[in-house]
Amino acid sequence: TRKKDGFLNIISIFSFIGISLGVAVLIIVMSVMNGFRTELTNKILGFNPHIIIKPYNNVKIDESFKNQLKKSFPDIQILNSFSGEGVVINNDYAKGIMIKGLDQKNKKNSIFLKKILVEGDRSRIKKGEIIIGKELAIELNLAIGDKINLLSSAYISTPFGGLPKQETYTIEGIFSSGFYEFDKNVVFLNLNETLYFFEKEKNDINLEVYLPNPLKANYIKDKIGIMNNNFYVYSWIDLNKSFFSALKVERNVMFVILTLIII
């Protein structure tokens, strides 16, 4: 500028610094919030499949339905699973837990176990073995090699009437997922052992579906529901509605903040 218009230089400098700071804050805030959302989502998805398919109305999941799924969605990965609620009993203490059966034939489950195990070196769960969470082990004062009793929600007939099924398992591994609720309330058994524990057959298994993009879970869920309405289909988003609602509120607030920064 001309010498008499030197004040414009000061205005230009302040404008340049202001825009630079605005862009810097914009990048930092977006990076932090996206990283937070991705990390939290990955933690939750570490335990939850993207889509779960359960049979009802006495309809079983057969190979033809699996083949139909693979044909319609070639990029998805399908695993057999079964989960149920039970009670762990140790000395004079009893606690309700979620029992999840892992299909040992699938490499994804073996990799998953190796990733979360902090004690024990098992990529496979054998008959009579169990893997428990770190927080549950601390709460019940359990270690590798200890035995625990599990009480099933399935009843067996005895001369004294129906009684809950009870089995004893040896702890062969302790895992840590980074989520307190999971580490305290989830245990893993072999899939066949889980079916036996709950008095179920192989036709009673559920399907776990893993997608290349987990955020498309609801879209794929609706498509699967149209293919066959005899199955109960729900996604990881359905299982974590409170978490997803919190993310939605956070995203709306961040939209306002970023808009103000841009302005």
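Figures for the structure shown
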| read-out | value |
| --- | --- |
| Top-ranked residue of the stretch 168-181 - restricted to ones that are polar (S, T, N, Q) and more than 14 Å from residue 88 (Cα to Cα), ranked as modelled with the highest pLDDT | 176 |
| Failed item in (1) in a strand (DSSP E or B); (2) aromatic (Phe, Trp, Tyr); (3) under 22 Å from the mean Cα position of the chain (by Cα), with residue 169 passing the rest | (3) |
| Flag for residue 184 being under 16 Å from the mean Cα position of the chain (by Cα) and under 16 Å from residue 90 (Cβ atoms) | yes |
| Qualifying position, being touching a residue at least 40 places away in the same chain (Cβ under 8 Å), under 27 Å from residue 33 (Cα atoms), open to solvent by less than 50 Å² (accessible area, probe 1.4 Å) and in contact with a Lys or Arg (Cβ under 9 Å, 6 or more places away or on another chain), among 195, 247 | 247 |
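Okay, residues lined up against (1) surrounded by fewer than 18 Cβ atoms within 10 Å (Cβ to Cβ); (2) in a loop (DSSP other than H, G, I, E, B):
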| position | (1), (2) |
| --- | --- |
| 54 | yes, no |
| 65 | no, no |
| 70 | yes, no |
| 74 | yes, yes |
| 94 | yes, no |
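Quick grid of which residues meet (1) surrounded by 15 or more Cβ atoms within 10 Å (Cβ to Cβ); (2) assigned to a helix (DSSP H, G or I); (3) not hydrophobic (A, V, I, L, M, F, W, C):
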{"position": "200", "(1), (2), (3)": "yes, no, yes"}
{"position": "212", "(1), (2), (3)": "no, no, yes"}
{"position": "224", "(1), (2), (3)": "yes, yes, no"}
{"position": "229", "(1), (2), (3)": "no, no, yes"}
{"position": "242", "(1), (2), (3)": "no, yes, yes"}
{"position": "253", "(1), (2), (3)": "no, yes, no"}
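The values are calculated or read from the model by the stated rules, or taken from the named source; none is laboratory data. Worth saying up front: this structure is predicted, and the values here are computed from it rather than measured. Using ideal geometry, Cβ is built from the backbone for each residue, glycine included, and neighbour counts are taken over all protein chains shown. Just so you know, the surface numbers come from the protein's heavy atoms only, side chains and all, with ligands and any DNA or RNA stripped out. Shrake-Rupley method; radii C 1.70, N 1.55, O 1.52, S 1.80 Å.
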